[in-house]
Every structure is written in structure tokens, then in C-alpha cells.
Amino acid sequence: QMFPSEDSLSLMDRSSNGSNNADLTIAVICLPRISNFTDFDPLEAEPTVNLRYVGIRDELGYPDAVILPGTKTAIADLLALQHTGLAEQIQEYVAAGGTIMGICGGFQIMGRILADPEGIEGHEGRYKGLGLLPLTTIITGQKIARQRQVSSNFPQTGLPVIGYELHQGRSHMAESGSDQAGGLTYEYLFDDRNLGVVDSAQMLWGTYLHGIFDSGSWRRTWLNRLRQQRGLKSLPTGIADYREQRERMLNGLADTIQPRLNLTPILDALKECNG
């Protein structure tokens, strides 16, 4: 799929994007207040990936990776996951060695604590997260919205990644890259330490960067790590970014359609309307 979906309802209606013969299955958790759902369009365009959308009352199973997406209200969606039992399924999946990535609000949900002292998201108080990362997030009234261009540390150093931040929270990790209480050692995902972390086993990923999968070389390198776990051959990583691929496709479509269009009647009608 090279064209973005019209709205989030179309995403919620999907069950799977590809063939059952795809090499990898990646589950996207359809949070009730999911946002920035176009983050997954580049994965849908990967022919070797079956992207499965999992509702909060569905069985998770054991996919090759799980993605917790962005959300308009992280605390409300965390409570929904806990209420339906999907939170426990995710924790069991990780305990069994599964790979999970949280993006923005999903990153916050992966942490130990989400606090909203001023009730900005409508749930004033302090809540226990999934506890997968030694992360504490405080919801604040200040919204961060900015474009970012960074260089990766993982899964390979020096890969260019372009995306954007859009969130209302400040997250703090345990000091010195090590969580002494939980025994989890983590590294910073990018050269900007505020944008995300990954554990030393590269199974737990969390980032504030929307559009992370748009970067072709980073996406393919991340997928190749999953493929290696399955004993599959690596895919080429020297590919264009998703936005460039989509622009080429749109330009090609325009070149095909334009010679077949007769715009003269439309232009003449516009001239008449304008006097």
C-alpha cells in the first residue's frame, strides 16, 4: 500500500495487510484512541511483512514483533489494555522473548509509571504502566511538535532517520543506562538521547519519533534483525525512503493519466465563471 489511509476507522477495520505466506508477522495493537496511524504504511508496503491489527479484546498470539502505537491519551488506553487483559498478554509475550516497539504514547505505556498530576488527559493521578522499561512519564500541558533528523545507534550506527515528535509528556529513564532494580541495561536509540531507548538484547524498543519506519535503510535493518531470529536471509537495505517511493509512484501515475485528460472544457468553464 503506497497511499495513506483516509482515517483511523479504515485502519481499525483491517485484520491483515498481506499474504499468510509472508516471512514475518508484526502485530499492531489497535488502541482505542490510536493516533498517527500512518506510521505503519511503510510496513504495509513491505511484501515480506504481514501486518496484523490486534484489537484490545483479541488474542495476541506470538508474532515476530508487536508495535504499541501512538495514542491521544496514553493513560486511558493503558487502563483499557489492563481491563481487557491484553496488557497481561503483552507482558507474557515479552517474558517469552518477544520483540516489542512503542511509539510515542506506546513508548510511555511501556514504562513503569504514567502520571498526570493536573488531569490534563482526564485521568488525574499516578498509574502503573506495563513495566517493560525503567521509564517514568509525567503528562504536562506543554505540547512538543517538531520535525527531527537524527542518526541511529541501533540496530546499526549511522543510519539517517527523519521523523517528527508530537507529544504531551516528559519521560525519564533510570540513570547511567542501567536499571539496577530490574537488572535491565539499555542504550540510547539515536544520537539525541531524548528520542528513544533499546535494551541490550534489542528486544524492547521505545521512541518518541513518529515516521521512524519511513526511513528505508533503518526499517530494513530493523526487519533484518527479526529475520535473523527466524533464520531468514537478510533483505537489501540500500533502498529509498518510503516518502520518496510514494512520490515516484504518484509522479508515474500523473504521467500516465495526464495525456489522457482533456482539461479544455473545464478550463473554459472556469473562464466563463470568472467573467
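The numbers here are math on the coordinates, done by the rules we state, and not lab data. Just so it is clear, the structure is predicted and the values come from calculations on it, not from any experiment. All Cβ positions, even for glycine, are placed from backbone atoms using ideal geometry, and neighbour counts span all protein chains on display.
See the values below:
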item: Per-q log10 I(q)/I(0), the stretch 49-93, q = 0.17, 0.25, 0.30 Å⁻¹ (Debye; single scatterer per alpha-carbon; no solvent); result: -0.48, -1.01, -1.30
item: Global form of the stretch 110-215, assessed from the alpha-carbon gyration tensor, a/c cut-off 1.5; result: oblate
item: Residue order, fewest to most surrounding Cβ atoms within 10 angstrom, among ARG148, ARG193; result: ARG193, ARG148
item: Computed lengthening from ARG225 to GLN202, 0.36 nm per intervening residue step minus Cα-Cα distance; result: 7.4 nm
item: About the Cα centre, charge dipole magnitude for the stretch 8-239 (Lys/Arg +1, Asp/Glu -1 at Cβ), debye; result: 260 debye
item: Residue order, fewest to most surrounding Cβ atoms within 10 angstrom, among SER35, SER215, SER152; result: SER35, SER152, SER215
item: Sparse-neighbour loop sites [trypsin sites (Lys or Arg not before Pro); the stretch 34-98; at most 14 other C-beta within 10 Å; DSSP]; result: ARG57
item: Restricting the stretch 42-120 to GluC sites (Glu not before Pro) in coil, as DSSP defines it, with at most 14 other Cβ within 10 Å; result: GLU59, GLU118
item: SER234-ARG126 FRET efficiency (beta carbon distance; Förster radius 51 Å; 0.05 resolution); result: 0.70
item: Residues LEU232, LEU223 arranged by fewest to most Cβ contacts within 10 Å; result: LEU232, LEU223
